[in-house]
Amino acid sequence: MRALSPQPAAANGVPAAAPAPAAVPIAGPAAESVPLALSGVSKSWKGNPQPVLTDVDLKLDIGTTTWIGGRNGVGKTTMLRIAAGLIDPDRGRVQAWGASPRERRANYHRLVAFLPAGDRGLYARLTVRQQLRFWSGMAMLDRDESERRAAAALDLFDLAELADRRVDRMSMGQRQRVRLAMTFLPEPETVLLDEPLTSLDDEGAALLEAALLALRERGGALLWCSPSGDHPDREFDRDFHLEAGRLVSA
């Protein structure tokens, strides 16, 4: 998939290695058209003298794809979890489509979907169909909408023939497809992916690429994180590295 021409990092408010001025949070009507904005986000963990994130500014524009690399342990997953509304920053602001996780938590988690790295979120004894129904309930969808979206997610990742198979009887690649189906089930407008190609074969990677193309065509935005030496074989509108808690242009 051909990406749009990259824009200069300065146009997106992302600081260079040197300290940047305090960010001004996006507010007003313009904020409602921004898929994701992190403004001055900082985070430290108790017992760690060094902050994990320091004044991180990042804005995802409509229909764009962004990649962030960095060594393991540098804070990529922490940044994604903050962006997904799963943990709070110590300082700074997070908004997606004009809302923060606290202001509109139920809707926020429909708008912003997060795929964590690893094999999290699966219940081994559930079938794929049961897993998706459970996830629909977490997204507070009614029964009819749940069934429609579950069927669409099964088709999106070619899981229809495996819908009644228990998750613990599937290969790792099939399990990753189930996790991707869960991620896309709410039909999110912003998708956050942490090492999504783990265990996927070529067919699974192609299905993911098709899902991302559809996301982009409807004006959604993608943020993809992976180790610096594991850049996906695809084009992004913007590439960054997370170094010493700050975002720098790749």
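Taken together, GLU145, GLU161 contain a single residue that is farther than 30 Å from GLU32 by Cα, among the acidic types (Asp, Glu) and assigned to a helix (DSSP H, G or I), which is GLU161.
Looking only at region 40-78, filter to residues that are of a type in the set (D, E, K, R) and buried (at least 17 other Cβ atoms within 10 Å of the Cβ); which one of those is farthest from LEU115 (Cα to Cα)? Walk me through it before giving the result.
Quick first cut of region 40-78, residues of a type in the set (D, E, K, R) only: 43, 46, 55, 57, 59, 61, 71, 76.
Now drop any that are not buried (at least 17 other Cβ atoms within 10 Å of the Cβ), which leaves 43, 55, 57, 59, 61, 76.
On the way: LYS43: 21, ASP55: 24, ASP57: 21, LYS59: 19, ASP61: 20, LYS76: 13 Å.
Filtering region 40-78 for residues that are of a type in the set (D, E, K, R) and buried (at least 17 other Cβ atoms within 10 Å of the Cβ), the one farthest from LEU115 (Cα to Cα) comes out as ASP55.
Inspect all residues belonging to region 229-238 and state whether any of them is among the acidic types (Asp, Glu) and free of Cβ contacts under 8 Å to residues at least 60 places away in the same chain. There is at least one residue in region 229-238 that is among the acidic types (Asp, Glu) and free of Cβ contacts under 8 Å to residues at least 60 places away in the same chain.
Say whether the condition of being part of a helix (DSSP H, G or I), at pLDDT 95 or above and over 18 Å from ILE62 (Cα atoms) is met by at least one residue in region 188-202. The answer is yes, given that some residue of region 188-202 is part of a helix (DSSP H, G or I), at pLDDT 95 or above and over 18 Å from ILE62 (Cα atoms). Considering region 148-158, the residues that are touching a helix residue (DSSP H, G or I) at 6+ places or on another chain (Cβ under 6 Å) and in a helix (DSSP H, G or I) include one that is surrounded by the most Cβ atoms within 10 Å (Cβ to Cβ), namely ALA153. Only one of the numbered conditions (1) modelled with pLDDT of 95 or more; (2) exposed (fewer than 14 other Cβ atoms within 10 Å of the Cβ); (3) under 18 Å from the mean Cα position of the chain (by Cα) is violated by MET138, and that is (1).
In summary, MET182 fulfils each of the numbered conditions (1) closer than 16 Å to ALA113 by Cα; (2) over 13 Å from the mean Cα position of the chain (by Cα); (3) buried (at least 16 other Cβ atoms within 10 Å of the Cβ) with the single exception of condition (2). Residues in region 210-235 that are surrounded by fewer than 14 Cβ atoms within 10 Å (Cβ to Cβ), out of contact with any helix residue (DSSP H, G or I) (no Cβ under 9 Å at 6 or more places or on another chain) and over 18 Å from GLU32 (Cα atoms): 5 in all. Residues in region 111-133 that are buried (at least 16 other Cβ atoms within 10 Å of the Cβ) and over 25 Å from LEU222 (Cβ atoms) were compared, and the one that is nearest to the chain's Cα centre (by Cα) is ARG133.
Applying a threshold of 8 Å to beta carbon distances and a minimum spacing of six or more residues, or different chains, the list of pairs starting in region 208-223 at a residue that is in a loop (DSSP other than H, G, I, E, B) and ending at one that is among the aliphatic types (A, V, I, L, M) reads GLY219/ILE62; GLY220/ILE62; GLY220/VAL191.
The values are calculated or read from the model by the stated rules, or taken from the named source; none is laboratory data. Only a predicted model underlies this, so the values are computations on that prediction, with no experimental measurement involved. Neighbour counts are summed over all protein chains in view; Cβ atoms, including those assigned to glycine, are modelled from backbone coordinates with ideal geometry.
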